[in-house]
Every structure is written in structure tokens, then in C-alpha cells.
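Here is the structure we will look at.
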Amino acid sequence: MVSRSSRQLLVEREERRIEAFEYGEGNETVILAAGNARPAAQLDRLAADLATTGFRAITYNYRGIGNSSGPIGGLLLHDLADDVWALADDVDARRVHLVGKTYGNRVMRTAASDQPDRCASLVLVGAGGLIPPSEETQALYRRFLDPSISTQEWTELNAALMYAPGHEHLSAAAADLGSFPDVARRGKQRHTDRRVGDGRIVANAHHRGTPGSSGGSSQRPRHRHRAAQFLAGRSPRLRSQHDRRTARSTQPTHR
């Protein structure tokens, strides 16, 4: 049985350092990008689940979170995508599966566009951008990114913004992942439908966050199941193993 624990990786490239966490020892590699200003821990359960299906799954912290650091001013999505490929190079992965959650979908779409020959598959979780949110939602999100709000208010806003009706209680479980509002609050993102490289994010490379006032949300079981199911389908060698595991498990019921 594959262990659900991870191994820390530190990738050094010139003036940047990327902190990553490796789950499993499979022949095929999956790299997962979390939401905007969210720590790698947001995806640890998904990565651990993927490792049990035979993949080597890797999560990582964006610059400015955890032990990741590097130049910040004027960053493009292409720069964040380059961090992904630097990580792939460090683990000797020629072709990788790319998974991006919410804002991470933009990073991974850019990574796939920059080096399409190295992208084995691309999975987008909670991807948006084509249809802008309402003014009310944008106002709530701006408040959500205010580092001065209390933990209680943050938890309530996180529940309203990040979870489907009936699952708001899961917001409390995200409160111990660490808070990095400055990374997101100072982001100036410009996105278009035609050019995924038009986004910018400006962050504080030295911000470490405040425990107990966190960003991020727990992965719903159905999302984890679908990602693992899709990736196993892309790999004939892993398909039968995944099918056996799925047959033994209880089917998820969360929305």
C-alpha cells in the first residue's frame, strides 16, 4: 500500500526556490497547482489519493508561500509556468500530467501552452474566467483577501465563496492551512480567453502567513475521485489498478 505521507523537495534555480511535496513513486508524474495564494497543503489529500493509484503526485508552494521564494515584481503566468517545468526537470520527468485548481488552472494552461510536447494531459478543477463573477461576489472576494479581517469572518467568507450549498461547514477545516492574503491581494491579474499568458500576479516573497487565519479549501471527495479516474484512464497500465480500487470504495455522494 502506498504511504499517504510526502517527501519534501526544494528546487533551486538561480534566484528562486520552489518548495514541493512528493507522494508516491509511480512511473508517471502528476504536478498539481493550488488556487490563488493557496498553500500546497490544499491539494495534499488529492495528491495522496493519486499516489494510491500508481502515480507520483507532486504539489508545490507558489513563490511567497512556505519555503518558496524568488523574484516577484512583474511576474507573468509564464514565469509561474516556468516554475512548474523547473520542478519537472528536478525530478527527471520528461512528460507530466498537469492539474490546476481554480487559479492554478491558469498556471497549468500556460505551462501546457509553453511546452505542449511535455504535457501528457491537462486537468482543470473549478476552472473559471470566461464568465466574470457578479459585482456582489467580487466585493465579497475583495473583503476575503483583506488581511485585517478576523478568523471568524474569513471562515464565513471562505464558506460562502468556495463551497457549494450544504458544504459550508468544510470551511472550518481549511483554517489550519496558513493564511497568505497578501499574495493574492496584491495580485493584479489580467486574463483574456485567447491568451492565457496575459495574467500578472505580484506577491510578497517573504510573507509566511498567520496560522489560524488561512486561505484554501478542502478537496471534495467527488473532485478527488474524478481527477484520479481521469488520469488512470489516460494510462493503460494504471487503468485496471484504478478500477479495482474504485470497485472496493464507496461511491462519493458530495456535490
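Here's how it looks for A33: its modeled amide H is under 5 Å from those of V99, G100, K101, which are all 5 or more places away or on a different chain.
In order along the stretch 146-154, phi translates into HN-Hα couplings of 6, x, 8, 6, 6, 4, 4, 5, 4 Hz, rounded to whole numbers, per the Karplus curve 6.51 cos²θ - 1.76 cosθ + 1.60 with θ = phi - 60° and x for Gly and Pro. Residues S171, S69, ranked from the fewest to the most other C-beta atoms within 10 Å, line up as S69, S171. Each residue of the stretch 28-39 was assigned a 3J(HN,Hα) from its phi angle through the Karplus curve 6.51 cos²θ - 1.76 cosθ + 1.60 (θ = phi - 60°); the sequence is 10, 10, 10, 10, 10, 10, 7, x, 4, 6, 9, x Hz, with glycine and proline shown as x.
Packing, taken as the mean count of other beta carbons within 10 Å per residue, orders the peptides 88-97, 122-131, 30-39 from highest to lowest as 30-39, 88-97, 122-131.
Applying 0.36 nm per residue to the separation of L124 and S150 and subtracting their alpha-carbon distance, the gain on full extension is 6.2 nm.
Please give the contour-minus-distance gain from R45 to T137: 0.36 nm per residue of separation, less the Cα-Cα distance, rounded to one decimal in nm. Show your work: numbers first, answer last.
Values: separation 92, 0.36 × 92 = 33.12 nm, distance 2.78 nm.
Difference between extended and current length: 30.3 nm.
Under 5 Å between amide hydrogens, built in the peptide plane, is the criterion, and for L75 it picks out I201 among residues at least 5 positions away or on other chains.
Going by amide H atoms built from the backbone, whose H comes under 5 Å of the H on Y62, apart from near neighbours? So Y62 has HN proximity to A40. Report note on the peptides 109-117, 145-153, 133-141: ranked by the mean count of other C-beta atoms within 10 Å, highest first, their order is 109-117, 145-153, 133-141. With 0.36 nm allotted per residue and the present C-alpha distance subtracted, the H78-R95 stretch has 4.3 nm of extension available.
Taking every alpha-carbon pair in the stretch 100-145 and binning the separations at 5 Å intervals from zero gives 6, 20, 19, 21, 14, 9, 7, 4, 0 percent. Placing a label point 7 Å from the Cα of W85 along the Cα-to-Cβ direction, the residues of the stretch 112-152 with a backbone N closer than 15 Å are 112-120.
Computed over the alpha-carbon atoms, the stretch 1-58 gives an Rg to Rh ratio of 0.99, Rh here being the Kirkwood radius from the mean inverse distance.
Only the coordinates and a few stated rules stand behind these numbers; no lab work does. Owing to the predicted nature of the structure, the values given are computational and were not obtained by experimental measurement. For neighbour counting, all protein chains shown are included, and Cβ atoms are generated from backbone atoms with ideal geometry for every residue, glycine included.
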